[in-house]
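The structure under discussion appears below in the form of structure tokens.
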Protein chains: 2
Amino acid sequence: MSPKTFHLNAFLMGVGHHEAAWRHPRTEAHRVLDVAHFQELGRIAERGKLDSVFFADGLAVGPRVQRNALAVFEPITLLSAIATATSRIGLIATASTSYNEPFNLARKFASLDHISHGRAGWNIVTSGGVDEAYNFGYDAIPEHARRYERAQEFVEVAIELWDSWESDAIVLDPETGVFADPDKVHTIDHHSERFRVRGPLNSPRGPQGRPLLVQAGSSEAGKEFAARYAEAVFTAQRTLEEGQRFYRDLKARLAKYGRAHGELKVLPGIVPFIADTEEQARALEQEFTDLISPDYALRQLSALLGVDLTEHALDAPLPPLPDESAIEGGKSRFTLVKELAEQEQLTVRGLIGKLGGGRGHRTLAGTPEQIADDLQAWFSGGAADGFNIMPPYLPGGLEDFVDRVVPILQARGLFRTEYTATTLRGHYGLEPVESQFAPDPTRLSPVSA
Amino acid sequence: MSPKTFHLNAFLMGVGHHEAAWRHPRTEAHRVLDVAHFQELGRIAERGKLDSVFFADGLAVGPRVQRNALAVFEPITLLSAIATATSRIGLIATASTSYNEPFNLARKFASLDHISHGRAGWNIVTSGGVDEAYNFGYDAIPEHARRYERAQEFVEVAIELWDSWESDAIVLDPETGVFADPDKVHTIDHHSERFRVRGPLNSPRGPQGRPLLVQAGSSEAGKEFAARYAEAVFTAQRTLEEGQRFYRDLKARLAKYGRAHGELKVLPGIVPFIADTEEQARALEQEFTDLISPDYALRQLSALLGVDLTEHALDAPLPPLPDESAIEGGKSRFTLVKELAEQEQLTVRGLIGKLGGGRGHRTLAGTPEQIADDLQAWFSGGAADGFNIMPPYLPGGLEDFVDRVVPILQARGLFRTEYTATTLRGHYGLEPVESQFAPDPTRLSPVSA
């Protein structure tokens, strides 16, 4: 049985996803430095009753200063600030399993979950960039398979740490002087070659039990990881058919981990250019494309494809590209872009234009009704449980989506008109999670009852 | 030339520093779980024009659940939430150099500095607890000297990372398409056995350049570290004479690092019980002492002294105590408590009562005038540049200090009546710091000028 409504996440980035967004008159570039800008975006998303906002992250600036250097804020601290300016919107932060300690990261998400009263989510990533490796004592990127092995064990340790406090461990009885029940706070005694962590976590169980677990890699290892742990998946899918294939593939993997179809939501990304007419929307998109700096775009494309294109003629076809197996980070994005370029026989300039909006995510230019039609087709066509909305410019692009597209979705019964839950897990239709160390629930009933 | 006014930091902990605070009717214990409680404390401190608020931290819960387990919030995320509820008060977070990566921590403080518009401070600690070691892959506490070696290099790397962006690196010129000036963003190429970090940091220079650097250990290694790096020092000193000796000692160490007397502020801690009469204040203190749970206090004292006292008779004298050299973490606090017990010939119960308020910090019970007199005597007597106020119960104890003691200090010309700066560094009389990679300032003047 399929649900009738879908989920919406706002993927926020600086003053917009389009790489030239900061040069367009619809944005104010200096707002990338202002926390109030991001708090406002949180409030706009909440006004639209969206499930969540999300921030991507990386742990390096390349050797040249590029646009994405302007990740001014670290996502968890930024979301703490947004949490206090909002009351319902979910708050999803990217954090790396490659260059953190499980104890530190589990604690930060527990803290964010307490600060937000149950709205924390974690987009679990492995760090695949060599520039990141250089900042953490490595001479090269840790190998892809090993990064995923570490990610898997990292998540297991984090879950054990969140579970180390049962939900009713806090007693706080001033009369008896019992602050917490030691029988409900557990060491985890995790011992492996990679991690030795005794626990318990030094933060009581958060309102959600654990944050919503999100994943965004679509490589083979990424999909298997998602099927095992993720509750929401952000993905880039170019066509309805590809989206359907990805959706079926991912859902089919759930059973082997004992998970039901609805326990993982698939959210393909879209970059919407919205206007009164399709013509105006396309013209707006073109305005942004025209502002792309080829120098910057060539560096970005070179990094993505693993080929130096910085001296390549803009109007020539792409040179031969390597096989996915030769790519260490961003495997699935590499393949998506490679297929796009080959199938549409794009020149370098053409590919740059196609990628400018959302780095491989689908760009939709149209009227609010056309955008709504497209989302409905993907949802009813079995390619999506919801969507990852990537406004090309901010805040205007998010406002347009919230104020013009969301009401249409609501009128069609495709999206909630009011929040029915207070937590991020609740928005995504999931229950709070009980600790794995909690006794069998039957034990909670007194024998004499 | 001595300044005429001093500095005040509010050291905040749960519902108060007194270990039985949560059992007293002046507090509401459940507020330890509520971020709004801590935001309110930030606003109260700001109402009093205090320099800063501060949160201590540790990275473990002991094997039994103790009161300090209830560090519900991680300090940096918590201070992000407080930042958005305030506009002037400085925000100081404890973070460990033992179990973090310099890149991650430098970035979080840069993010907090951006979020707060220049109010971030870092209390630099090494983690000296075995329970902490167990959470990060170790079987024992890293040795004291090695922890300080790591701390020193960690701070050097963090400073290099903050300096990797010059203050005017961001250009943000939509016309030319120049986002940042690559010549003003630097790799740091730090290479040692311990840390290899290429940089630059993936966050532009914060409003303060770098956070205020704070230190709170008073061991020999701690004092040397403070003299080299710290801009504010929190310390526990029992008598005016001891305070003067510590103050002179620390200030005398500055010259060898090329630092001036005023570049480091010494702030001894006090735990104030405030009432209309001294008798009422003493009675209030006694109410709290009477609520101490001996079981909990004995475990705390055992951990502090490195001797198992949990089966020791409460009214018997203390057993012989080890030498400071045998203590791995909290050396200076150990010696302070040992001397206190020996000089005053305290029983275990007597020592527990003395430590209940502030774990070795001075407890002052008196009228607002008496508290003000005491602070004035320490300040004018050359034992303090300011004070670390540790309210025994919260928020009431902070409100009493802000509303009853601060006005007296202001009337005497000892404390500011309005903020004269917008940043934490500014409150402490320090300038923003320019990047070590910035060119000679003369280069900034055009040759033709």
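The relative contact order of region B:224-361, computed from alpha carbon pairs under 8 Å that lie at least 6 residues apart in sequence, is 24 percent.
Buried on complex formation within region A:130-174 (loss of at least 40 square angstrom of accessible surface versus the isolated chain, 1.4 Å probe, ligands and nucleic acids ignored): A:134, A:135, A:136, A:137, A:172, A:174. Amide hydrogen proximity for residue A:365: with H placed 1.01 Å from N in the peptide plane, the residues at 5 or more positions away or on another chain lying under 5 Å are A:273. Comparing each chain alone with all protein chains together (probe 1.4 Å, DNA, RNA and ligands left out), the residues of region B:195-236 losing at least 20 Å² of accessible area are B:196, B:198, B:200, B:202, B:204. Reported to the nearest whole Å, the Cα centre-to-centre distance from region B:107-125 to region A:396-430 is 34.
In this structure the amide hydrogen of residue B:92, modeled in the peptide plane, comes within under 5 Å of the amide hydrogens of B:53, B:54, B:55, B:121, none closer than 5 places in sequence on its chain.
For the protein assembly as shown, what % of the accessible area comes from carbon and sulfur atoms, probe 1.4 Å? Carbon and sulfur: 49 percent of the exposed surface of the protein assembly as shown.
What is the interface area between chains A and B, defined as buried accessible area summed over both chains with a 1.4 Å probe, reported in Å² to the nearest 100? Walk me through the intermediate numbers first.
Working: alone 19930 and 19950 Å², together 33710 Å².
Interface between A and B: roughly 6200 Å².
Compute the acute angle (0 to 90°) between the alpha-carbon long axis of helix B:144-163 and the principal axis of greatest extent of the alpha-carbon atoms of chain B; round to the nearest 10°. With rounding to tens, the tilt is 40 degrees. Here the simple spin-label model places points 7 Å from the Cα toward Cβ, and for residue B:286 and residue A:178 these points are separated by 3.1 nm. Between the alpha-carbon centers of region A:364-384 and region A:136-151, tell me the distance in whole angstrom. When both Cα centres are located, 38 Å separates them.
Solvent-accessible surface (1.4 Å probe) assigned to residue A:144 amounts to roughly 20 Å². Solvent exposure of chain B amounts to 38 Å² per residue of accessible area, where only protein heavy atoms count and the probe is 1.4 Å. Note on residue A:376 and residue A:436: the model spin-label points, each 7 Å out from Cα along the C-beta direction, lie 4.4 nm apart. Rounded to the nearest 0.05, the FRET efficiency derived from the C-beta distance between residue A:369 and residue A:26 at R0 = 25 Å is 0.70.
Does region A:70-194 classify as rounded, prolate or oblate by the C-alpha gyration tensor (a ≥ b ≥ c root eigenvalues; a/c under 1.5 gives rounded; else a/b over b/c gives prolate, otherwise oblate)?
oblate
DSSP assigns beta bridges within chain A; of those with both partners inside it, close to 15 percent run antiparallel. Taking each DSSP H run with n ≥ 4 as -39500 (n - 2.57) and averaging over every residue of chain A yields -10500 deg cm²/dmol at 222 nm. Across region A:321-328, rounded Karplus estimates of 3J(HN,Hα) from the backbone phi angles (6.51 cos²θ - 1.76 cosθ + 1.60, θ = phi - 60°) give 10, x, 7, 3, 4, 8, 9, 8 Hz, Gly and Pro being marked x.
Axis angle, to the nearest 10 degrees, between helix A:294-305 and the longest C-alpha principal axis of chain A: 50 degrees. For residue B:141, the solvent-accessible surface with a 1.4 Å probe is about 50 Å², rounded to the nearest 10.
Helix A:368-380 against the longest principal axis of chain A: what's the angle in degrees, Cα atoms only, rounded to the nearest 10? For helix A:368-380, the angle is close to 60 degrees. With an a/c value of 1.5 or above and a/b not larger than b/c for the gyration tensor axes a ≥ b ≥ c computed over the alpha-carbon atoms, region A:219-354 is described as oblate. Ranking of A:99, B:257 by solvent-accessible surface, largest first: B:257, A:99 (1.4 Å probe, protein heavy atoms only, all chains present).
Remark: the residue A:87-residue A:347 segment gains 88.9 nm on full extension, using 0.36 nm per residue and subtracting the alpha carbon distance.
I'd like the distance between the alpha-carbon centres of region A:162-228 and region A:324-353, rounded to an integer number of Å. Their Cα centres are 40 Å away from one another. Under 5 Å between amide hydrogens, built in the peptide plane, is the criterion, and for residue A:180 it picks out A:171, A:172 among residues at least 5 positions away or on other chains.
For residue A:331, the lysines whose Cα falls under 20 Å of its own Cα, not counting residues fewer than eight places away in the same chain, are A:223, A:354. Ordered by solvent-accessible area of protein heavy atoms (1.4 Å probe), largest first, the residues A:138, B:419 come out as A:138, B:419. Spacing of the modelled spin labels on residue B:244 and residue A:36, each 7 Å from Cα toward Cβ, amounts to 5.0 nm. Here's the list of lysines a cross-link from residue B:4 could span, going by alpha-carbon distance under 23 Å and ignoring same-chain residues fewer than 8 apart: B:49, B:251, B:265.
The values are calculated or read from the model by the stated rules, or taken from the named source; none is laboratory data. Remember, predicted model here, so these are calculated numbers, not experimental data. Glycine also receives a Cβ, built like all others from the backbone with ideal geometry; neighbour counts cover every protein chain displayed. Note: areas computed on protein heavy atoms with side chains; ligands, DNA, RNA excluded. Shrake-Rupley method; radii C 1.70, N 1.55, O 1.52, S 1.80 Å.
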